[in-house]
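The numbers here are math on the coordinates, done by the rules we state, and not lab data. Keep in mind it's a predicted model, so treat the numbers as computed, not measured. No Cβ is skipped: glycine too gets one built from the backbone with ideal geometry, and neighbour counts run over all protein chains shown.
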Amino acid sequence: MSAALSARPSVLRLVFRDVAAAAAASFLLLVVLAALFAPWLAPVDPYETDLMSVMTPPGGDYILGTDGQGRDMLSRLLFGLRMTLLMGVAALVVGGVIGVSIGLIAAHWRRLDGVLMRLMDVMLSFPAILFGLALAAIFGPGLVAVVIALSVATVPLMARIARSTALVVMAQDYIEAARATGMGSFRLIRRHLAPNCVAPLLVFATLRLGQVILLGSALSFLGLGAQAPTAELGAMAAQGRTFLFFAPHIAVIPSLAIFGIVLACNVLGDALRDALDPKLRP
Amino acid sequence: MSLLQVENLRTVFDTRQGAVVAVDGVDLSLAAGRTLAVVGESGCGKSALALSLMRLLAHPGRVAGGRVLLEDEDLLALSPAKMRARRGSRVAMVFQEPMTSLNPVHTVGAQIMEAMRAHDRSLSKSDLRDAAISALARVRIPSPERRFDDHPHRLSGGMRQRVMIAMALACQPRLLIADEPTTALDVTVQAQILDLLRDIQAETGMGLLLITHDLGVVAETADEVAVMYAGRVVERASATDLFADPQHPYTIGLLGSIPRMDLETPRLPTIEGSVPPPFAWPPGCRFAPRCAFADAACEVAPPPLAMLAPGHEVACIYAPVDA
């Protein structure tokens, strides 16, 4: 009996059945590990300049070459990954927690639904780049301003998805049954509502991570985010722009890293959606 | 003294076309240790009645008036927080659909523990576990220790309904409202669940309010019966009296339309037509358009419940009918 019932393969197995998704997941894991262990993996200090060997091409003593100030590109890439991922994950977590809370509250207390969702519509009408510009103008450019801007841009999207999923869950019989046992509203949200909303939120969060990293890198590229000499992928690409014709690797390497991360997030998000949506299951 | 006393309960649903009345001045009473069956066909307001008693009506439904006295405390007058504290501990409910009434992401044990925790935060995790396992044992689930860690999808419908009953009874409520608890189950399991409810009632002395459309279930379990038609109670009697001497034409029709194996009837009698929807209720007796005995006098005003004999009330101006 148990064999028949557990015949449904686990979500992880369904995701890994897809070769592209497995590759994307492995790549992301590699990137995260590289970022986590950057201080141990980097061959030299990413901020140490070697003015005798500026703009050396990849290969040779410096595996990925050096940048315009003779800093090791490999070390800067590792530390840049760290900064970029940290920025993306921070924005996703802050925006996600706030957004999901708002969405669940709107679905549970329908009285607040109209006000909260119109508020989300207002937030949604601000382009993230413009909002980042405004924040940078007020607080000065920096990663904190970027994280705030990206969080604010993520909140309404998360809130909408959480709300629409939660509305379906709220109509389920087990919610009524739980209320009939005298369960309080907050516990009901935490124990019954939230766990049943996880699947679509997980899919969206994965896709959104790619978008947030792209947006964050764009803000840094525009000079609103990480400031020199901080190693951050968007800022590194911006610095390399000057030397694009003599030493293309300085701009290309961080850009490729951003491209790879965003692509992997999208592929993995799509695969997760296929695995978690029972209607798409073969 | 009665455990539950419902007086003149009115429930309405606010729609764009105005308030639609679903329950229109219902009176009920139920003593501890007894079973009251509320019988009626689909759309007569019996589920709205059950949810009104629990104060779980979802928007746009609302209770518009009346009193619900549970051990002399008016549930309708309580603050939402106090009402929440009564749910599960004083009055609990079992729903119609065991297949969807359990949360698929938690184990059944966790859900029973959750119901217990809602009213007593002092219990330790191991106490809760023991209590939940004995709750499963009480509803006669075989090997409760193993079932404790199962997710709902591993259980059959009957088993799930047992879990629902265990959950409802987790905090020893004085009143259990069972809204069509056996409708979704097959007939043998139905009998087992009814037996179980009866045994638990004998053990704990709780009152059971059984909502059903199945007269077989009524005959098997009920002490008292209230027959509902279009939002009103049309006849109240003990189960024995009701089956022996039905007085309201609707009740007579209902009883007449039960298939019987001992009689040779060429065609099963039916009640012509269907229950009118709340916005199309006739001004007089709501059963008049379908009633064989109705005349102009029936169309003036809905007749009130009138006592025929002690414990037997009928809402029909022509009752008692001569047998």
Practice task
Calculate how many DSSP beta bridges within the protein assembly as shown are antiparallel, expressed in % of all such bridges and rounded to the nearest 5.
Solution key: 65
Completion exercise
Taking Cα atoms only, Rg over Rh for chain A with Rh from the Kirkwood formula is 1.06
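Going by the alpha-carbon gyration tensor, a ≥ b ≥ c the square roots of its eigenvalues, is the protein assembly as shown rounded (a/c under 1.5) or, if a/c is not under 1.5, prolate (a/b greater than b/c) versus oblate?
Cα axes put the protein assembly as shown in the prolate bin.
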Handout entry: Coil-residue trypsin sites (Lys or Arg not before Pro) of the stretch B:1-40, DSSP, other Cβ within 10 Å capped at 11
Key = B:16
Fill in the blank from the handout: Contact order relative to length for chain B, counting C-alpha pairs under 8 Å separated by 6 or more residues, stands in percent at 21
Practice task
Over chain A, calculate the relative contact order: mean separation of alpha carbon pairs under 8 Å at least 6 apart, over the residue count, as a percent.
Solution key: 23
Exercise for the section: Round to a whole angstrom and tell me the spacing of the C-alpha centers of the stretch B:229-306 and the stretch B:61-128. Expected result: 35
Practice task
Hydropathy first: keep DSSP H helices in chain B averaging at least -0.5 on Kyte-Doolittle, then drop any whose Cα extent along the axis falls short of 20 Å, and list what survives.
Solution key: B:187-204
Problem - Separation of the residue A:228 and residue A:61 label points, Cα + 7 Å toward Cβ, nm - result: 2.3
Exercise for the section: Would you compute, from DSSP H runs of 4+ residues alone, the mean residue ellipticity of chain B at 222 nm, taking -39500 (n - 2.57) per run and dividing by the full residue count, rounded to the nearest 500? Expected result: -8500 deg cm²/dmol
Problem - Relative contact order computed over the stretch B:141-282 (Cα-Cα under 8 Å; 6+ residues apart), in percent - result: 15
Problem - Ranked A:108, B:248, criterion: other C-beta atoms within 10 Å, fewest first - result: A:108, B:248
Completion exercise
One finds, for residue A:29 and residue B:293 with R0 = 60 angstrom and r their Cβ-Cβ distance, a FRET efficiency to the nearest 0.05 of 0.15
Exercise for the section: Report the label-to-label distance for residue A:190 and residue B:245 in nanometres (one decimal), using points 7 Å from each Cα along the Cα→Cβ vector. Expected result: 5.9
Practice task
May I ask you to give the average projected area over all directions of the convex hull of the Cα atoms of the stretch B:98-172, in nm² rounded to one decimal?
Solution key: 4.3
Exercise for the section: Quote the FRET efficiency, to the nearest 0.05, computed for residue B:73 versus residue B:191 with a Förster distance R0 of 41 Å and r equal to the Cβ-Cβ distance. Expected result: 0.75
Fill in the blank from the handout: Scalar couplings 3J(HN,Hα) for the stretch B:225-235 by Karplus 6.51 cos²θ - 1.76 cosθ + 1.60 (θ = phi - 60°), nearest whole Hz, x for Gly and Pro, are 9, 10, 9, 9, 9, 6, x, 10, 7, 9, 7
Problem - Local net charge near residue A:20, Cβ-Cβ under 12 Å (Lys/Arg +1, Asp/Glu -1) - result: -2
Practice task
Rounded to the nearest 500, what is the 222 nm mean residue ellipticity of chain A from helices alone, with -39500 (n - 2.57) per DSSP H run of 4+ residues and division by all residues?
Solution key: -23000 deg cm²/dmol
Exercise for the section: Tally the DSSP beta bridges in chain B and give the antiparallel ones as a percent, rounded to 5. Expected result: 60
Exercise for the section: Within the set of other residues whose C-beta is less than 12 Å from the C-beta of residue B:91, count the net charge using Lys and Arg as +1 and Asp and Glu as -1. Expected result: +4
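Where in chain A is the longest stretch that carries no chymotrypsin sites (Phe, Trp or Tyr not before Pro) classed as loop by DSSP and with at most 15 other Cβ atoms within 10 Å? All intermediate terms of the calculation are to be shown ahead of the outcome.
Details: sites that count: A:37, A:47, A:109, A:245, A:246.
Looking at chain A, A:110-244 is the longest stretch - no exposed chymotrypsin sites (Phe, Trp or Tyr not before Pro) with at most 15 other Cβ atoms within 10 Å.
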Handout entry: Kyte-Doolittle mean at least 1.0 and Cα axial length at least 30 Å: DSSP H helices in chain A
Key = A:73-108, A:143-170, A:198-221, A:249-276
Practice task
Give a quick list of GluC sites (Glu not before Pro) in the stretch B:221-297 that DSSP marks as loop, anything other than H, G, I, E or B, with at most 12 other Cβ atoms within 10 Å.
Solution key: B:264, B:272
